[in-house]
Amino acid sequence: MTGLHVVKARAAGGLVKWYVYAWRGGPKIHECIGARPEIGKDLLRKAADAAKPRKGRMVDTNDLVDAYRESPEFKRLKPSTQKDYRLWLDRISAEFGPFKLAAFDDQRMRADVIEWRDTWADQPRTADKASVMMGTLLGWAQERAHLSINVAARIPQLHQVNKSDQIWEARHWAAVEAARNKDGNPAIKPHVMAVLRLARLTGLRLGDLVRLSWEQVGQKAIVVERTRKRQGRAIIPILPELRQLLDQLAAGIKPDDQGVQHKIGPILRNSRGQGWTESGVESVWQKAKPEGFDRVIHDLRGSYVTFLAQKRLTDEEIARIIGWTAQRIAEIRARYVDEERVIISLVERLSA
């Protein structure tokens with residue numbers, strides 16, 4: 001008995017493929033197609049080498065998770081991304097931590113990953129995050145030669161994305177304004193409504209919106225030198241509606257002891273007068289939004305597109321402002337702006 005573990009599998013075209021592991025559950029030391037490999041001195045030497053203790057050697061999935069957390073690839077991620085990754089790495093450790101790392105060199109482990117993903121089948125977006133994070137971790141291990149395959153690569157997603165852009169229509173704003181809490185008071189407080197209105201009139205992503213400061217506001221435009229996602233410059237024209245909103249927000253700034261209002265720091269502030277965080281806005285919005293509301297804050301970027309289109313800006317001009325393609329702008333215009341004009345014109349002619 002050599003202690004080696006030999007596994008037979010089917011390769012493309014009906015051929016037979018063989019995997020040789022140093023021991024059952026140990027690292028793979030050889031693979032070939034065709035005849036069963038002969039166990040000779042070369043394979044025995046590789047098995048012996050694999051059994052030798054090495055500094056930093058990974059034995060199980062917990063070792064892999066720990067190594068990835070300390071990797072340059074992980075450390076260069078944005079803090080918000082690291083936070084999300086840590087959550088999923090903890091979940092991976094809870095499910096697969098004791099598994100020998102070599103087990104993931106067996107294609108059959110793909111079924112285990114999918115079964116784990118399906119525990120969130122009733123939450124398709126969350127389920128897809130599970131498989132994507134597993135693919136990221138195992139892909140990193142493959143790049144570092146800890147694994148020869150990535151069994152979680154290209155697992156089909158459960159969530160079917162609607163590729164068409166959505167906007168907040170009149171009915172959505174009406175629902176927000178009509179929403180009431182159990183005491184009969186407006187459910188959407190002024191400091192939350194300010195976030196929604198500023199998002200509609202600037203088209204900025206939430207991450208850039210909560211970081212927007214008065215120092216970035218000029219006479220003609222708001223200038224964001226470096227956006228979070230694209231790392232590029234954004235110039236938002238200050239049209240009359242935006243100027244009116246900024247004046248309203250500025251009026252709420254408390255004056256100093258000399259009665260002077262200083263326009264400094266975050267434009268948007270929470271109920272405690274402090275600058276918002278992304279998670280803070282999302283948390284408050286999820287609790288306050290009307291029941292069955294079918295739009296998210298990010299959809300207000302599409303609303304900004306229609307706002308500019310109604311101002312007669314061209315698709316190319318809007319694309320430069322918001323950072324989308326002119327084709328994407330044209331699709332939103334056709335769906336929400338031109339279609340509305342056709343209907344209004346039709347009603348006017350029929351009512352004449």
Only residues that are in a helix (DSSP H, G or I) and more than 19 Å from PRO79 (Cα to Cα): list them for segment 204-219, please.
-> TRP214, GLU215, GLN216
Just one listed residue, out of ILE188, ILE222, is touching a helix residue (DSSP H, G or I) at 6+ places or on another chain (Cβ under 8 Å) and assigned to a loop (DSSP other than H, G, I, E, B), and it is ILE188
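Going by the structure shown, is ASP112 free of Cβ contacts under 8 Å to residues at least 24 places away in the same chain and closer than 30 Å to ALA50 by Cα? Before the answer, list the steps.
Values: free of Cβ contacts under 8 Å to residues at least 24 places away in the same chain: yes; closer than 30 Å to ALA50 by Cα: yes.
Taking the combined requirement at face value, the residue satisfies it.
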Looking at segment 120-160, which of the residues that are open to solvent by 80 Å² or more (accessible area, probe 1.4 Å) and not in a helix (DSSP H, G or I) is nearest to ALA102 (Cα to Cα)?
-> ALA145
Return the residue satisfying two criteria in turn: it lies in segment 1-25 and is over 23 Å from LYS100 (Cα atoms) and surrounded by 11 or more Cβ atoms within 10 Å (Cβ to Cβ), and of such residues it is modelled with the highest pLDDT.
-> VAL16
Per the list (1) at pLDDT below 90; (2) of a type in the set (A, V, I, L, M, F, W, C); (3) open to solvent by less than 80 Å² (accessible area, probe 1.4 Å), residue check on LEU268 breaks on (1)
Considering segment 314-342 alone, what residues qualify as being at pLDDT 90 or above and either in contact with a His (Cβ under 9 Å, 6 or more places away or on another chain) or not in a helix (DSSP H, G or I) (or both)?
-> THR314
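Considering segment 105-157 alone, what residues qualify as being among the polar types (S, T, N, Q) and in contact with a strand residue (DSSP E or B) (Cβ under 8 Å, 6 or more places away or on another chain)?
GLN107, SER148
Would you confirm, using the coordinates I've provided, whether LEU242 is surrounded by 12 or more Cβ atoms within 10 Å (Cβ to Cβ) and in a loop (DSSP other than H, G, I, E, B)? Walk me through it before giving the result.
Numbers: surrounded by 12 or more Cβ atoms within 10 Å (Cβ to Cβ): yes; in a loop (DSSP other than H, G, I, E, B): no.
The answer is no for LEU242.
Going residue by residue through segment 247-254, is there one that turns out to be over 23 Å from the mean Cα position of the chain (by Cα), part of a loop (DSSP other than H, G, I, E, B) and exposed (fewer than 12 other Cβ atoms within 10 Å of the Cβ)?
Here is the first cut: in segment 247-254, the ones over 23 Å from the mean Cα position of the chain (by Cα) are 247-254.
Adding the requirement that they be part of a loop (DSSP other than H, G, I, E, B) leaves 252-254.
From the residues that got through so far, the ones that are exposed (fewer than 12 other Cβ atoms within 10 Å of the Cβ) too are 254.
Taking every residue of segment 247-254 in turn, at least one turns out to be over 23 Å from the mean Cα position of the chain (by Cα), part of a loop (DSSP other than H, G, I, E, B) and exposed (fewer than 12 other Cβ atoms within 10 Å of the Cβ).
Suppose we filter segment 222-234 for residues that are exposed (fewer than 15 other Cβ atoms within 10 Å of the Cβ) and at pLDDT 90 or above; how many remain?
Step one: list which residues in segment 222-234 are exposed (fewer than 15 other Cβ atoms within 10 Å of the Cβ), which gives 223, 225-226, 229-233.
Now narrow it down to the ones that are at pLDDT 90 or above: 223.
Within segment 222-234, residues that are exposed (fewer than 15 other Cβ atoms within 10 Å of the Cβ) and at pLDDT 90 or above number 1.
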Subset of segment 271-296 [open to solvent by 40 Å² or more (accessible area, probe 1.4 Å), touching a helix residue (DSSP H, G or I) at 6+ places or on another chain (Cβ under 7 Å) and not in a loop (DSSP other than H, G, I, E, B)] | GLU278, VAL284
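The values are calculated or read from the model by the stated rules, or taken from the named source; none is laboratory data. On a predicted model such as this, the values are computed, not experimentally measured, just so you know. For neighbour counting, all protein chains shown are included, and Cβ atoms are generated from backbone atoms with ideal geometry for every residue, glycine included. Just so you know, the surface numbers come from the protein's heavy atoms only, side chains and all, with ligands and any DNA or RNA stripped out. Shrake-Rupley method; radii C 1.70, N 1.55, O 1.52, S 1.80 Å.
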